[in-house]
Ligand code: GUN
């Protein structure tokens, strides 16, 4: 069994990006900038946003966090997004999800200019992913593929089972795996005989959002297991994944840990997406 370290891979990717970004001031006369909007005080969201902006600092990307009260109106948030859409120094806009219930998440996602949509959640980016045309690819799915490729894990023709069908992870990661010629089965909480279906998988990608949901009976001997979950273990109060790591690890050939697995990859892919938006933006301006 080998642990695939997202922490190590993301550190390497960030160091490479930092080298590139260090040349941008000379080349383009400005630096990439990411604006993050955080609505409310949810401790999980605050900690994610802190991680994202810290990574920007490491790579040399300008960043700001705009904090709105949990009671802020939808109109107030949309007007802030309009302002950032119009600001030519801002390359990427990220609104941390989930939003308070009184705000329509789709309306907010649609309002972000497609060219600044570093999350890849805008319908034109989603369509691009499913049509195989130019688009920003969502960060977590992109990170999952990079982790698998970093270990040269063969995807072509393999049985991959994805647990979870969210717009943020399950659906886009399934499409990226199809692009790699994997045979993909998308499962979810209502799937019948879920452990047996998962036990057919050469590669199991778990994004269901339930602490330690995956037990050894879900895992074929020698399978690769990628754990996208971030949960709080009720008993210990510690972070844990969707996979019961201690029980499952020895059955796998490769497995990721929580923390230190997919999470850091989401962040380095966000930085990569911000740079991609910046480069598109400056090239567009030069033409
Ligand atoms: N909340 C959980 N994951 C994400 C993500 O990838 N992007 C945003 N904006 N919010 C999230």
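Taking each DSSP H run with n ≥ 4 as -39500 (n - 2.57) and averaging over every residue of the chain yields -13000 deg cm²/dmol at 222 nm.
Please quote Rg/Rh for region 34-97 to two decimal places, taking the Kirkwood radius as Rh and restricting both calculations to Cα atoms.
0.97
Computed from Cα positions, the angle between helix 6-21 and the longest principal axis of the chain comes to roughly 20 degrees.
Taking a ≥ b ≥ c as the square roots of the eigenvalues of the alpha carbon gyration tensor, region 87-168 is prolate, as a/c is not under 1.5 and a/b beats b/c. Each label was represented as a point 7 Å from its Cα along the Cα-to-Cβ direction; for residue 12 and residue 97 these points are 3.0 nm apart.
Which value in Å does the Kirkwood hydrodynamic radius of region 223-287 take, with 1/r averaged over all unlike C-alpha pairs and then inverted? Kirkwood radius, region 223-287: 14.2 Å.
Among 104, 242, the order by Cβ neighbours within 10 angstrom, fewest to most, reads 104, 242.
Each Cα pair under 8 Å and six or more residues apart adds its separation to the average, and for the chain the resulting relative contact order is 21 percent. By other beta-carbon atoms within 10 Å, ranking 17, 25 with the fewest at the front produces 25, 17.
Axis angle, to the nearest 10 degrees, between helix 74-86 and the longest C-alpha principal axis of the chain: 70 degrees. Can you classify the chain as rounded, prolate or oblate using the Cα gyration tensor, where a ≥ b ≥ c are the square roots of its eigenvalues, rounded means a/c under 1.5, and otherwise it's prolate if a/b beats b/c and oblate if not? Here the chain falls in the prolate category. When the alpha carbon gyration tensor of region 128-235 is reduced to an equivalent ellipsoid, the three semi-axes, largest first, read 22, 16, 13 Å.
Footprinting exposure proxy ranking of 90, 225, fewest other C-beta atoms within 10 angstrom first, gives 90, 225.
The convex hull defined by the C-alpha atoms of region 1-129 has an orientation-averaged projected area of 9.8 nm². Axis of helix 43-59 versus longest Cα principal axis of the chain: the two differ by about 70°, to the nearest ten degrees.
Read the figures in this text as sums done on the coordinates, not as results from a lab. Computed from a predicted model, the values in this text were never measured in an experiment. A quick note on method: Cβ atoms are made from the backbone with ideal geometry, for glycine too, and the neighbour counts reach across all protein chains shown.
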